[in-house]
Amino acid sequence: MRKESVVEDDLRPQYDLAQLKGGVRGKYYRQAVAGANLVLIEPDLAETFPDGASVNRALRLLVSAANTATRKSRPRRVASGSRPKGKR
């Protein structure tokens, strides 16, 4: 026995489907893939950072501080097979 598929329409009644026709699938796909990297932040952080420029400044400062801390704490490597000058 074949079951009939029932489509549940969860569209609100105030929307007129006749007006929704003519959309183009993937219209902005290339633009979105090319230059957008969207990240959702928590609401408390969204209050702290009013716009994308302030988020970028804070992230650049964090990266700079991390790079500086990493450079200072990392011991210098000595190439294998070489000795420091003056100790032969």
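Residues that are modelled with pLDDT under 90 and in contact with a helix residue (DSSP H, G or I) (Cβ under 8 Å, 6 or more places away or on another chain) were ranked within the stretch 7-51; the one that is surrounded by the fewest Cβ atoms within 10 Å (Cβ to Cβ) is Leu11. Within the stretch 54-76, is even one residue surrounded by 10 or more Cβ atoms within 10 Å (Cβ to Cβ), modelled with pLDDT of 80 or more and in a loop (DSSP other than H, G, I, E, B)? So far as the stretch 54-76 goes, no, none of its residues is surrounded by 10 or more Cβ atoms within 10 Å (Cβ to Cβ), modelled with pLDDT of 80 or more and in a loop (DSSP other than H, G, I, E, B).
The values are calculated or read from the model by the stated rules, or taken from the named source; none is laboratory data. Note that the structure is predicted; figures quoted are calculated from it, not measured. Note that each Cβ is placed from the backbone with ideal geometry, even for glycine, and that neighbours are counted across all protein chains shown.
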